[in-house]
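Worksheet: the structure to be examined is printed underneath.
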Amino acid sequence: MAATVLIVEDQMLIAWHLRDLVEGAGHQVLAIARDPAEAMEAAARQRPDFAMMDIRLHGGTSGLEAARMLFECWGVRSIYVSANLDPSTRAQAEALQPLGFIGKPFLPAEVIAAVEQAAKLVPG
(Lines give C-alpha, C1' and ligand atoms only; values in the text may rest on other atoms or scores of the structure.)
Protein backbone atom coordinates (compact mmCIF):
# COMPACT_ATOMS: atom_id res chain seq x y z
CA MET A 1 0.00 0.00 0.00
CA ALA A 2 1.27 3.47 -0.87
CA ALA A 3 2.21 5.70 2.05
CA THR A 4 2.01 9.49 2.26
CA VAL A 5 5.24 11.12 3.35
CA LEU A 6 6.29 14.54 4.63
CA ILE A 7 9.94 15.37 3.97
CA VAL A 8 11.49 17.76 6.50
CA GLU A 9 14.88 18.78 5.10
CA ASP A 10 16.41 22.23 4.64
CA GLN A 11 18.91 21.27 1.92
CA MET A 12 16.73 21.29 -1.17
CA LEU A 13 18.94 19.05 -3.32
CA ILE A 14 18.75 16.37 -0.65
CA ALA A 15 15.00 16.94 -0.22
CA TRP A 16 14.40 16.58 -3.95
CA HIS A 17 16.53 13.44 -4.07
CA LEU A 18 14.53 11.94 -1.18
CA ARG A 19 11.29 12.91 -2.95
CA ASP A 20 12.42 11.19 -6.13
CA LEU A 21 13.36 8.03 -4.22
CA VAL A 22 10.09 7.95 -2.24
CA GLU A 23 7.94 8.56 -5.31
CA GLY A 24 10.00 6.12 -7.36
CA ALA A 25 9.15 3.48 -4.77
CA GLY A 26 5.43 4.16 -5.36
CA HIS A 27 4.67 6.42 -2.40
CA GLN A 28 3.38 10.00 -2.31
CA VAL A 29 5.29 13.00 -0.98
CA LEU A 30 2.75 15.47 0.43
CA ALA A 31 5.20 18.32 0.99
CA ILE A 32 8.78 19.33 1.63
CA ALA A 33 9.29 21.48 4.74
CA ARG A 34 12.47 23.36 5.72
CA ASP A 35 11.75 23.93 9.42
CA PRO A 36 9.35 22.90 12.22
CA ALA A 37 6.79 25.60 11.39
CA GLU A 38 6.54 24.53 7.74
CA ALA A 39 6.34 20.89 8.84
CA MET A 40 3.41 21.64 11.15
CA GLU A 41 1.63 23.68 8.47
CA ALA A 42 2.02 20.87 5.94
CA ALA A 43 0.83 18.22 8.40
CA ALA A 44 -2.17 20.34 9.37
CA ARG A 45 -3.26 20.51 5.71
CA GLN A 46 -2.97 16.77 5.10
CA ARG A 47 -1.78 14.23 7.64
CA PRO A 48 1.19 12.21 6.39
CA ASP A 49 1.59 8.57 7.30
CA PHE A 50 5.13 9.42 8.42
CA ALA A 51 7.89 12.00 8.03
CA MET A 52 11.45 11.79 6.81
CA MET A 53 13.22 14.11 9.24
CA ASP A 54 16.62 15.80 9.23
CA ILE A 55 17.97 16.60 12.71
CA ARG A 56 19.46 20.05 12.01
CA LEU A 57 17.14 22.33 10.08
CA HIS A 58 16.97 25.83 8.60
CA GLY A 59 17.89 28.66 10.94
CA GLY A 60 19.36 26.33 13.56
CA THR A 61 16.00 24.76 14.34
CA SER A 62 15.72 21.19 15.56
CA GLY A 63 14.33 18.26 13.63
CA LEU A 64 13.85 16.52 16.96
CA GLU A 65 11.53 19.35 18.02
CA ALA A 66 9.66 19.13 14.71
CA ALA A 67 9.35 15.36 15.13
CA ARG A 68 8.10 15.80 18.71
CA MET A 69 5.40 18.27 17.60
CA LEU A 70 4.26 16.02 14.74
CA PHE A 71 4.15 13.01 17.05
CA GLU A 72 2.35 14.74 19.92
CA CYS A 73 -0.21 16.56 17.72
CA TRP A 74 -1.01 13.87 15.18
CA GLY A 75 0.86 10.69 16.06
CA VAL A 76 3.12 11.11 13.01
CA ARG A 77 6.31 9.11 13.44
CA SER A 78 9.59 9.80 11.67
CA ILE A 79 12.46 8.20 9.83
CA TYR A 80 15.50 10.27 10.78
CA VAL A 81 17.79 11.07 7.84
CA SER A 82 20.80 12.90 9.21
CA ALA A 83 24.55 13.10 9.58
CA ASN A 84 23.90 13.79 13.27
CA LEU A 85 22.89 10.41 14.65
CA ASP A 86 25.20 10.16 17.65
CA PRO A 87 24.08 8.05 20.64
CA SER A 88 22.69 11.07 22.53
CA THR A 89 20.59 12.18 19.56
CA ARG A 90 19.32 8.66 18.98
CA ALA A 91 18.34 8.40 22.64
CA GLN A 92 16.30 11.61 22.37
CA ALA A 93 14.62 10.33 19.21
CA GLU A 94 13.71 6.98 20.80
CA ALA A 95 11.00 8.65 22.91
CA LEU A 96 9.20 9.53 19.66
CA GLN A 97 8.94 5.92 18.43
CA PRO A 98 11.17 6.37 15.36
CA LEU A 99 10.51 4.29 12.28
CA GLY A 100 14.21 4.20 11.47
CA PHE A 101 17.52 5.99 11.13
CA ILE A 102 19.43 6.69 7.92
CA GLY A 103 22.87 8.27 8.08
CA LYS A 104 24.02 10.87 5.58
CA PRO A 105 25.43 10.36 3.09
CA PHE A 106 22.94 7.63 2.23
CA LEU A 107 22.53 5.09 -0.51
CA PRO A 108 19.26 5.09 -2.47
CA ALA A 109 18.66 1.45 -1.47
CA GLU A 110 18.83 2.43 2.23
CA VAL A 111 16.14 5.06 1.77
CA ILE A 112 13.87 2.80 -0.25
CA ALA A 113 14.21 -0.06 2.26
CA ALA A 114 13.43 2.26 5.19
CA VAL A 115 10.40 3.75 3.43
CA GLU A 116 9.07 0.30 2.52
CA GLN A 117 9.50 -0.88 6.12
CA ALA A 118 7.83 2.26 7.51
CA ALA A 119 4.92 1.92 5.10
CA LYS A 120 4.24 -1.53 6.59
CA LEU A 121 4.34 -0.21 10.17
CA VAL A 122 2.01 2.78 9.93
CA PRO A 123 -1.75 2.43 10.01
CA GLY A 124 -3.24 2.98 6.62
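The values are calculated or read from the model by the stated rules, or taken from the named source; none is laboratory data. Here the structure is a predicted model, which means the values were calculated and not measured. Here Cβ is always computed from backbone atoms with ideal geometry, including for glycine, and neighbour counts include all displayed protein chains. Accessible surface is based on the protein model in full, side chains and every heavy atom, while ligands, DNA and RNA are left aside. Shrake-Rupley method; radii C 1.70, N 1.55, O 1.52, S 1.80 Å.
Working note: Cα gyration tensor of the chain, eigenvalues times five, square-rooted, sorted largest first, giving semi-axes of 18, 16, 15 Å.
Dipole check for segment 53-124: with +1 at the C-beta of Lys and Arg, -1 at the C-beta of Asp and Glu, and the Cα centre as origin, the magnitude is about 20 Debye. Near MET52, the amide H atoms lying under 5 Å from its own belong to LEU6, ILE7, VAL8, ILE79; only residues 5 or more places off or on other chains count, and H is placed 1.01 Å from N.
Compute the whole-percent fraction of alpha carbon pairs in segment 77-124 spaced more than 11 Å apart. Don't skip to the answer; put the middle values down first.
Working: 757 of 1128 pairs.
Across segment 77-124, Cα pairs with separations above 11 Å total 67 percent.
What FRET efficiency comes out for GLN92 versus ARG45 if R0 is 25 angstrom and r is the Cβ-Cβ distance? Round to the nearest 0.05. All intermediate terms of the calculation are to be shown ahead of the outcome.
Numbers: r = 27 Å, r/R0 = 1.09.
The computed FRET efficiency comes out at 0.35.
Solvent-accessible area of segment 5-96 (1.4 angstrom probe, protein heavy atoms only): carbon and sulfur portion equals 49 percent. Note on the chain: dipole from Cβ charges, positive end direction compared against GLY60, PHE50, LEU18; the farthest Cα belongs to PHE50. Adding -39500 (n - 2.57) for every DSSP H run of four residues or longer, then dividing by how many residues the chain holds, sets the calculated 222 nm ellipticity at -14000 deg cm²/dmol.
ARG56 to ALA113: FRET efficiency via 1/(1 + (r/R0)^6), r the Cβ-Cβ distance, R0 35 Å, to the nearest 0.05?
Values: r = 24 Å, r/R0 = 0.68.
Here the calculated transfer efficiency is 0.90.
Could you size up the charge dipole of the chain around its Cα centre, putting +1 on the beta carbon of Lys and Arg and -1 on that of Asp and Glu, and report it in debye to the nearest 20?
On the way: 10 positive and 15 negative charges, 32 e Å.
Computed about the Cα centre, the dipole is about 160 debye.
Farthest towards the positive end of the charge dipole of the chain, among the residues ILE112, CYS73, LEU30, is the Cα of CYS73, using unit charges on the Cβ of Lys, Arg, Asp and Glu. Once the C-beta distance of LYS104 and GLN28 is scaled by a Förster radius of 22 Å, the resulting FRET efficiency is 0.40 to the nearest 0.05.
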